[in-house]
Each structure stands twice: as structure tokens, then as C-alpha cells.
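Worksheet for the structure shown next.
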Amino acid sequence: MAARRVHELGALSWRLAGQWRVGVAGLGSGLAAGGTVQGCRGYVCVQSPRSPLFTSPHTGLTPLSAGCRGYRTGWRGQEEGREGRRGWGVMVAVGGALGVIHSMNYVLGEQKTEEEETQVPVGGVQLTLYQYKTCPFCSKVRAFLDYHQLPHEIVEVNPVMRKEIKFSSYRKVPILLANAGCPIQLNDSSVIISAMKTFIISKQKSLEEIVSYYPTIKTDEKGKAVTEYQNRYWLMLDEQETKQVYASKEAQTEEMKWRRWVDDWLVHLISPNVYRSPGEALSSFDYIVREGNFGSVEGLFAKYVGAAAMFFIGKRLKKRHNLQDDVRQDLYKAADTWVKAVGKDKKFLGGSEPNLADLAVYGVLRVMEGLKAFDDMMANTKIKPWYQRMTNAIQEKAALH
């Protein structure tokens, strides 16, 4: 077993080493040539428009794949003797690649997806969430499930091998498997939330029927086939049911507007802020590795080499999204913009209770807890009272369950 694991690591090392030049080129030129950032769509993915999508409905960095099946690895050549520095080169390549792969999946893994067919395993528990704990899109779904007291099992996915989701051709997270008479797989964080909220309210529709209201549209983006989810911010309710949820049409429109704002803007501020300096990048990766599902070797490389890679990627993301030189200012502005939207006379945007926009903002910001960016945001904006109310509201709901 140990020999087999060594062989697998050697194969993985050589495959990633062979692609690392492409990855580094992606850092230096892919973004500059118009690469885009995507979200876990739903933490950070960056990709050159000339290279295929990596794994998320948010665009990703240059494609680096962690699997080794079907590839020549050069393992035998390594056994026959390489210079010592070649071994170190491979280690750096593996570490950087693992760090980039991991970050691509964690930071923004879910905006536009490659065209894929969904496969659903038979059986399973009532609700199972496949996630990366520090992914803001996954955190957003967890906040929703916890607040609405929906029992669910959590499966932490290894961001490199992703064996936990081998049942699905959809290779992003979050994925929610629901067993409501028949097993149903829901993809995309906003679709998951909208569909499940509709299911909670509507007593006349099956979950299978509800999911059918969120079709996909196949489009072509710079020569690549991508799939967009439609109606992701809509609850599929009749007029009477809608009145149960929203006090007015304006309230419904406002909720949808701010949910979209979370996906289109707020989430893109996370990575440039948590990777703002080498020290912050290392601290962030220490947290990510500690909370994630990593092997010991993967975790070691991801923490140190990945942190270095993401520091430079954070700089590229800042330029890509036209952020200020001090990216904290954009984070502060976003936090205060949200507080202003909530208003002085309401506890939450939803009024006396959080609505889906409240839960989305909270879920995304929550992934920074314990990091310097989060502490700075709390100290330099007016968001702390609202954030504490959200924390209390979710904890109170959880205590009732």
C-alpha cells in the first residue's frame, strides 16, 4: 500500500511538473491577456481565455489537473537517477500546482461551467452537501441550510483528487444531493438555495418539478461551450405563496438584486484581501489546510508554495477587477454599502428576519473569520452589529433543531 502511494505521488508529481510551466505562464500572461475569475458557481479561480475552463462555473487559472490516469509520468526515469535539484524542482512544481488547484477550487469555483451531464447516485441520506469548508459559495449554502433548520450531512471534498464526488460528472462544489422520493442532484449555490427555499414554501410541487424550473442554456464564450443556469435568483412560487415570503414586490426585487451583487462583486473581494501580503497569504493557507480535506503531503505543499502562488494571483485579481491599490478599501466600501442597504431601522435586509440576501452576504464574509482581513473589516466599517445579529440568528435556529 505504501509503495503504491509513493508511485501515485511520483506520477502526480511528474504530471504536474510537466504542466507547471503552463500554470506559471497563466499567472504571468493569462490574466494579463484577459483571463477571468470565477467562483466554488460558486473561492479563487483564474484562467486565460485561450485555455479551457478548469473546473468551476467561475473561470479558473490555467488548467492544472491532479489526476494521473492515462498520462505518462516519467516515474521510471526518475528512479534511474536525476540530479538532486530536479527533485527539488518537482517538489516546487507539485506544491505550487496543488496550491493553485486548491485555491482555484476554494475561492471562486462556480460561475460559468463547461457543458456537463449530471449523474445521480442511487440512495443516500435526506440532504448531503459536498463542499470545501472555506469556499464562500459553500458557506453561503451552509448558512441557508442551518438557518432553515434543514438536516444535512456534510462531506468535505479533497480539492486535488475530488474522490468524494467521483459519482458526478459535475466536478465543482457545492453539490447538494437530495433524497425526496428519488435522488436529485442540485448544482450551483444560488440554484440550490432558490430551489430549496421554493421547496420549503410550496406544498404542491415536488423537488424534482422545482429543479426543472432552473434550466441551463448552452452558450459559446470565446470558442468554449459553457452552461448558464437560468432563474437562479427566482423562487418558483404562485401568487399566494409569494405573499407569504415577501411583503411587497419591491422586497422581492431587492432580495434578488443583492443576491446577484454577492455573486457578481462581493465574492471577488475575498481573495485579494486574504492574500494581500505574503504573511496574510500564509495565514490564510494555514487556515485552509487545517479546515480542508488534505493529505499530509498535499497540505504541506499547499500551505507554503500555494500561499506564495496565491499572493501573486491576488495581485492579478486586483487588476482584473479594477480594485484599488489598497484592496481593503474596496472591502470596506462593500461592507458599508451593504449596511446602508439594510438601513438603520431594520435588523436585516429582510426586516425582522434574515432573507436570502442576508444569508448570502453572511455566508461569503464568514469564510474570512479568524483572518486579518476580517478583523480589519470589523474595525473599519459599520457591519459588525449586523454581522453579530446574523450569527445570533443562525445559532438560535440551530439550537431549536
Scan region 267-293 residue by residue and report those that are open to solvent by less than 30 Å² (accessible area, probe 1.4 Å), at pLDDT 75 or above and outside any helix (DSSP H, G or I). Tyr275
Any residue in region 268-281 that's closer than 15 Å to Lys319 by Cβ: show its pairings with residues that are assigned to a loop (DSSP other than H, G, I, E, B) and at pLDDT 90 or above at Cβ separation under 7 Å, as long as the two are six or more apart or on different chains. none
Among residues of region 330-380, those that are open to solvent by 20 Å² or more (accessible area, probe 1.4 Å) and among the β-branched types (Val, Ile, Thr), counted: 2
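Suppose the filter is under 16 Å from Ala360 (Cα atoms), open to solvent by less than 50 Å² (accessible area, probe 1.4 Å) and either touching a strand residue (DSSP E or B) at 6+ places or on another chain (Cβ under 9 Å) or of a type in the set (A, V, I, L, M, F, W, C) (or both); does Ser190 pass it?
yes
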Test for Ile184: is it more than 24 Å from Asp358 (Cβ to Cβ), surrounded by 14 or more Cβ atoms within 10 Å (Cβ to Cβ), modelled with pLDDT of 90 or more and touching an Asp or Glu at 6+ places or on another chain (Cβ under 9 Å): yes
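For (1) open to solvent by less than 10 Å² (accessible area, probe 1.4 Å); (2) under 30 Å from Lys340 (Cα atoms); (3) not charged (D, E, K, R), each residue gets a yes or a no:
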position: Arg142; (1), (2), (3): no, yes, no
position: Val155; (1), (2), (3): no, no, yes
position: Thr219; (1), (2), (3): no, no, yes
position: Gly223; (1), (2), (3): no, no, yes
position: Ser248; (1), (2), (3): no, yes, yes
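Counting only residues that are in a loop (DSSP other than H, G, I, E, B) and either of a type in the set (Asp, Glu) or buried (at least 22 other Cβ atoms within 10 Å of the Cβ) (or both), which one in region 294-329 is modelled with the highest pLDDT?
Initial filter on region 294-329 (in a loop (DSSP other than H, G, I, E, B)): 294-295, 321-326.
Going one step further and asking which of them are either of a type in the set (Asp, Glu) or buried (at least 22 other Cβ atoms within 10 Å of the Cβ) (or both), we end up with 325-326.
Working: Asp325: 90, Asp326: 94.
Selected residue: Asp326.
The values are calculated or read from the model by the stated rules, or taken from the named source; none is laboratory data. Here the structure is a predicted model, which means the values were calculated and not measured. For neighbour counting, all protein chains shown are included, and Cβ atoms are generated from backbone atoms with ideal geometry for every residue, glycine included. The area values use the complete protein model at the heavy-atom level, side chains included, leaving out ligands, DNA and RNA. Shrake-Rupley method; radii C 1.70, N 1.55, O 1.52, S 1.80 Å.
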